[in-house]
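The values are calculated or read from the model by the stated rules, or taken from the named source; none is laboratory data. This is a predicted model, so every value here is computed, not measured. Please note: Cβ atoms are built from the backbone with ideal geometry, for glycine as well, and neighbour counts cover all protein chains shown.
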Amino acid sequence: MNAKLRSLICAVALLSAGCALNPLVRMHPGSTPEQVREFMGEPWSTTRLADGGMRWVYPTGPMGRHTYVAIFGADGKLRTFDDLLNEKGFALIRVGKTTEPEVEQLFGPPYKITPFARLRQTAWDYRFTDAWNYPAIFSVIFNEQGIVALTMQQREFYGGERGR
């Protein structure tokens, strides 16, 4: 077997293995809670929904860049399975309305918590991958009442990358 063919076979095998491990590829509408639990493990939190369904949260933090959320209908079948550490999930936060417990329920525990005593604010940072596939930080800043005052995001820089 020549080297190019061997390289192609290895690349296909690696891509296939990556897809097999990606929960967004593995979880399909109609899956049962047992199937989700078998692949994802025990959820970090579970919430009963008003319609009789369930919401299971799987954060990969504090160092991970994903928070997967499984929504089951009242019939026990998986309706949706999404990653919320992205623009779609960030849009669920309402400045002046969303509280600390609600943010934690959406995304799980933050990567880092930074108090700003003089401002009477606290920042919760979440690591994620932005739309351009760069590592980034999403910050949720709470006022002293524990309500979102503002949000922001920036690229995450390492060592010598600053200034490039």
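For the subset of the range 30-78 comprising residues that are of a type in the set (Lys, Arg) and surrounded by 16 or more Cβ atoms within 10 Å (Cβ to Cβ), which member is farthest from Lys112 (Cα to Cα)? Among those that are of a type in the set (Lys, Arg) and surrounded by 16 or more Cβ atoms within 10 Å (Cβ to Cβ), it is Arg55.
Test of understanding: among Arg118, Arg79, Arg162, which residue is out of contact with any strand residue (DSSP E or B) (no Cβ under 8 Å at 6 or more places or on another chain) and modelled with pLDDT of 95 or more?
Working: Arg79 fails: out of contact with any strand residue (DSSP E or B) (no Cβ under 8 Å at 6 or more places or on another chain); Arg162 fails: modelled with pLDDT of 95 or more.
After ruling out the rest, the residue left standing is Arg118.
The criterion of being in a loop (DSSP other than H, G, I, E, B), touching a Gly at 6+ places or on another chain (Cβ under 9 Å) and in contact (Cβ under 8 Å) with a residue 12 or more places away in the chain does not hold for Leu106.
From the residues in the range 125-149 that are part of a strand (DSSP E or B) and without any contact (Cβ under 8 Å) to a residue 40 or more places away in the chain, which one is farthest from the chain's Cα centre (by Cα)? Outline the logic, then answer.
Within the range 125-149, the subset part of a strand (DSSP E or B) is 125-129, 135-142, 147-149.
Now drop any that are not without any contact (Cβ under 8 Å) to a residue 40 or more places away in the chain, which leaves 125, 136-137, 139, 141.
Details: Asp125: 12, Ala136: 12, Ile137: 12, Ser139: 13, Ile141: 18 Å.
Checking each candidate, the answer is Ile141.
If I filter the range 50-61 for residues that are of a type in the set (Lys, Arg) and under 20 Å from Pro33 (Cβ atoms), do I get at least one hit? Steps first, please.
Initial filter on the range 50-61 (of a type in the set (Lys, Arg)): 55.
Next, only the ones that are under 20 Å from Pro33 (Cβ atoms) stay: 55.
Yes, some residue in the range 50-61 is of a type in the set (Lys, Arg) and under 20 Å from Pro33 (Cβ atoms).
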